[in-house]
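What follows is a set of notes on a single structure, which appears directly below.
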Amino acid sequence: MIRFGPAGIPLSCKGRTLKDGIEDVHNLSLNALGIQMVRAGVYGRYPNEDEVGIRIRDVKDDFVVELERDGELMTDPETVIEEEDGLIYMPSGITGSFGELYKIGEIAKRLDVHVSLHTPYYMDLGSNNELTGSCIDSIRRAATIVNALDGEVVITSLGLYTGRLPEEDIDANIVENVENIMDWWNENNIRPKLGVEITGHQSVFGSLEQVLDLCDSVDGIVPVVNFPHYHSRTNGSLMESEDYLDLLQQVEPYCKDRIQMSFAGVEYSDGNERRLTPIKKGDLKFEPLAEALCELNPEATIISSSPLLEHDAMYMRIINERVLSKRVAKALKEKRKAAEVAAAAEE
């Protein structure tokens, strides 16, 4: 089954909460939603007297994602708050409180909407500086959020080449930091996958080869196929259905359950993405991808990162259904013709 949905709350959605977005996606006959973790900053405070003795997930006043106790971060939402703890909360806009995520996850399951979350787009796991620590924290917090939602995947990029360190040192730092993240992931029984996205700039870690090499090196990582990024990075290589099919066949062995994808139109030059556009603009077309998907028939989720969000998600769904219907009609026609030939031969 191919799932389609927007990267964020639909533009047409009257409400702006995550619950509203999931319900609106369902009403639009879509079945996936990519949450965008735009504001990842955190603040700290001490618990008030009503919060001492309750779990992190039960705090109502703020979106508390973890707490600090004796210099150690406690990330389990079931952790009971003590008087001297420091609460760490996000003014994220995702929900009013962490506890709401569990109910929203139940709504998403009931409406058959698969949920993923994209971390902030500027990530640096290669420099090993203060920013690196903040980026790692953002990925961990995204993991606890998606885990509470019972979602599918946390999607992230990993870093850029700044020129301050040799590229091989940055690559090594990225691998080491991802290994540490996955150690934490497993220790905390995080169910969703960590997806590493193909990136759209030469100066950013994330070519297809780099992403697949990382998947080979670190258990638990899955590749995320961002088609406009790949198309930009390879100077417009995705033109025919065979081009898409070749890319998908390279990625599919690493995606046991479902291939995660993102699609939009794109403007690019010199191997670098310039900006995303509506799907009908530019030379990156969806029809050849739909043909490749009908050929491969994978379990997949395609998120529309187009400026038109849900409009282009619905457009992709319609085109995919149209291509599939034509393929079925052609197969039935060939079957009838073969039957007629066989009947004539018997006569």
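Each reported figure results from applying straightforward, stated rules to the coordinates on display, with no laboratory input. Quantities reported herein were computed from a predicted structural model and do not represent experimental measurements. When we count neighbours, we look across all protein chains shown, and the Cβ atoms used for this are built from the backbone with ideal geometry, even at glycine.
Some values worked out for this structure:
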{"quantity": "Acute angle (nearest 10 degrees) that the helix 167-187 long axis makes with the longest principal axis of the chain, alpha-carbon atoms", "calculated": "80 degrees"}
{"quantity": "Cβ-derived FRET efficiency at R0 25 Å, GLU242 paired with ASP270, nearest 0.05", "calculated": "0.50"}
{"quantity": "Given charges at Cβ of Lys, Arg, Asp, Glu: the chain dipole, positive-most of THR162, ILE279, ASN48", "calculated": "ILE279"}
{"quantity": "Candidate lysines - alpha carbon under 25 Å from LYS19, same-chain residues fewer than 8 apart omitted", "calculated": "LYS60, LYS103, LYS109, LYS193"}
{"quantity": "Cα shape, region 166-245, gyration tensor, a/c 1.5 rule", "calculated": "oblate"}
{"quantity": "Beta bridges per DSSP with both ends in region 177-275, % antiparallel, nearest 5", "calculated": "30 percent"}
{"quantity": "Region 131-198 - Rg and Dmax from Cα coordinates, angstrom", "calculated": "12.8, 39"}
{"quantity": "Region 280-347 shape via C-alpha gyration tensor axes, a/c threshold 1.5", "calculated": "prolate"}
{"quantity": "Value at 222 nm in deg cm²/dmol, rounded to 500, when DSSP H runs of n ≥ 4 in the chain each add -39,500 (n - 2.57)", "calculated": "-13000 deg cm²/dmol"}
{"quantity": "10 Å-binned pair-distance histogram of the chain (Cα, whole percent)", "calculated": "5, 23, 31, 23, 10, 4, 2, 1, 0, 0"}
{"quantity": "Per residue Cα convex hull volume in Å³ - calculated over region 52-127", "calculated": "126 Å³"}
{"quantity": "Cα-based Rg of region 196-347 normalised by 2.2 N^0.38 Å, two decimals", "calculated": "1.24"}
{"quantity": "Antiparallel DSSP beta bridges within the chain, as percent of all bridges there, nearest 5", "calculated": "35 percent"}
{"quantity": "Dipole magnitude of the chain about its Cα centre (Cβ charges: Lys, Arg +1; Asp, Glu -1), debye to nearest 20", "calculated": "2000 debye"}
{"quantity": "Estimated inter-spin distance, ALA331 and SER217, nm [label 7 Å along Cα→Cβ]", "calculated": "4.1 nm"}
{"quantity": "Dipole magnitude of region 1-137, debye to nearest 20 (Cβ charges: Lys/Arg +1, Asp/Glu -1, about Cα centre)", "calculated": "1120 debye"}
{"quantity": "Semi-axis lengths (Å, descending) of the ellipsoid that matches the C-alpha gyration tensor of region 59-184", "calculated": "28, 20, 11"}
{"quantity": "Listed residue (ILE174, GLN210, THR199) projecting farthest to the positive dipole end of region 163-210, Cβ model", "calculated": "THR199"}
{"quantity": "Point-charge dipole on Cβ atoms (K/R +1, D/E -1) for region 153-231, about Cα centre, debye to 20", "calculated": "440 debye"}
{"quantity": "Whether region 113-247 is rounded, prolate or oblate, judged on the alpha carbon gyration tensor where a/c under 1.5 counts as rounded", "calculated": "oblate"}
{"quantity": "Paramagnetic label zone (point 7 Å from Cα along Cα-to-C-beta, TYR46; backbone N under 15 Å) in region 60-75", "calculated": "68-70"}
{"quantity": "Label-point separation in nm, VAL80 to LEU296, each point 7 Å along Cα→Cβ", "calculated": "5.0 nm"}
